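So the structure is just underneath, and the comments pick up after that.
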Amino acid sequence: MFPQDQVLSIELTHEVSLSDDVPGSIGTIKITDLACPVFALTKDFELLPNLPDNYHYCIGIYTEKMNFALACEMATSCKLGDSDGPMPTPIADCMRLPETPLSSLTIYNDKLAMISSAERFVTYLENKAIQP
């Protein structure tokens, strides 16, 4: 999950142009007239070299440094911390992994959901993919 103000749009993966122009990415997608690199990750946040068949959505993410998209199985919109939305709980220092892009957790639709910020995820991608 990302804060709603950092999400540019939700697109379908059939709009992804497969290429390896950006290290670690699976291709690019056009979001608000910008070509954004698309990344696909495993549940353990490892980069995938190809777009899995069950990843049907791309979440376009905005940062000052770089716009990008994450391919995923499902996508939905909600307001974090809103009176009707899920309340984020920071990850305790003793549970936080040094290189994780996660900042907090929440319960959403009776499941544990992981929350990150666009800036934190860009740093993670830079460390993991763009500058391996």
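The values are calculated or read from the model by the stated rules, or taken from the named source; none is laboratory data. Just so you know, these numbers come straight off a predicted model, no measurement behind them. Cβ sites come from the backbone with ideal geometry, for glycine too, and all protein chains shown count toward neighbours.
Looking for whichever is closer than 18 Å to residue 3 by Cα and polar (S, T, N, Q) here; the options are 32, 106, 28. Which one fits? Sole residue among the options that is closer than 18 Å to residue 3 by Cα and polar (S, T, N, Q): 106.
A Cβ distance below 9 Å, combined with a sequence gap of six or more or placement on separate chains, defines the contacts here; from the range 105-130, residues that are of a type in the set (S, T, N, Q) reach residues that are assigned to a helix (DSSP H, G or I) in the pairs 116/124; 117/6. For residue 17, the requirement of being at pLDDT 90 or above and touching a Pro at 6+ places or on another chain (Cβ under 6 Å) is not met. Can you find a residue that is among the polar types (S, T, N, Q), touching a residue at least 40 places away in the same chain (Cβ under 8 Å) and closer than 19 Å to residue 101 by Cα anywhere in the range 31-50? The answer is no; no qualifying residue exists. Taken over the range 1-27, the criterion of being under 23 Å from residue 65 (Cβ atoms), part of a strand (DSSP E or B) and in contact (Cβ under 8 Å) with a residue 40 or more places away in the chain is satisfied by 7, 8, 9, 10, 11. Candidates are the residues of the range 91-112 that are surrounded by 11 or more Cβ atoms within 10 Å (Cβ to Cβ), touching a Leu at 6+ places or on another chain (Cβ under 9 Å) and not hydroxyl-bearing (Ser, Thr, Tyr); the one that is nearest to residue 129 (Cα to Cα) is 101. Residues in the range 27-58 that are of a type in the set (A, V, I, L, M, F, W, C) and in contact with a Phe, Trp or Tyr (Cβ under 7 Å, 6 or more places away or on another chain): 36, 39, 40, 47.
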